[in-house]
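Only the coordinates and a few stated rules stand behind these numbers; no lab work does. None of the values given here were measured: they were computed from a predicted structure. All Cβ positions, even for glycine, are placed from backbone atoms using ideal geometry, and neighbour counts span all protein chains on display.
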């Protein structure tokens, strides 16, 4: 899929005809600040998801009988609400978003089904195909002029591929291999634009002050 988003927010999306319907995603950002998000699981994946959500200001409820040292410290500090037990029906009630990463397929599937029943998007770490939302591989790179460029890659449900593409684009920006040129924003002030490679595996590269031209996104 090839997506381009203009500075005014207008979006032009051209879907690849042979892309299976279940693989066609709508990219967007979520404002989770002060909103309840449930994370089920207490391992390294759940830790990464939880810390990212906390950083975005979410009110995280963590459900897991055991958790990592870092998650325990956050619970003790009151940063997250840790329910030290197995998942049970009703844990996702009232959540804006759910992440499940227990490592137990039966449990993850039940969490996803419960979230689906109440029309709540769910990220399923063990089997992305059963989730209703996905988390891209993300990196932020400071480029010439001090602007920060955000990179978000979804590798067709292949996390390793997504990370490889993300790292390649980040390295290209850091080294200057990806050309940058100046453009003008709506306010008339100068901003930069990163021209991403034309290869079909190149992700979009955007931030508030830098726009990707063109902006192919990996799906």
Exercise. How many residues are surrounded by fewer than 20 Cβ atoms within 10 Å (Cβ to Cβ) and more than 19 Å from residue 133 (Cα to Cα) when one looks only at the stretch 75-99?
Worked result: 13
Seminar exercise, completed: Conditions (1) part of a helix (DSSP H, G or I); (2) without any contact (Cβ under 8 Å) to a residue 60 or more places away in the chain; (3) touching a strand residue (DSSP E or B) at 6+ places or on another chain (Cβ under 8 Å) -> residue 106 fails only (3)
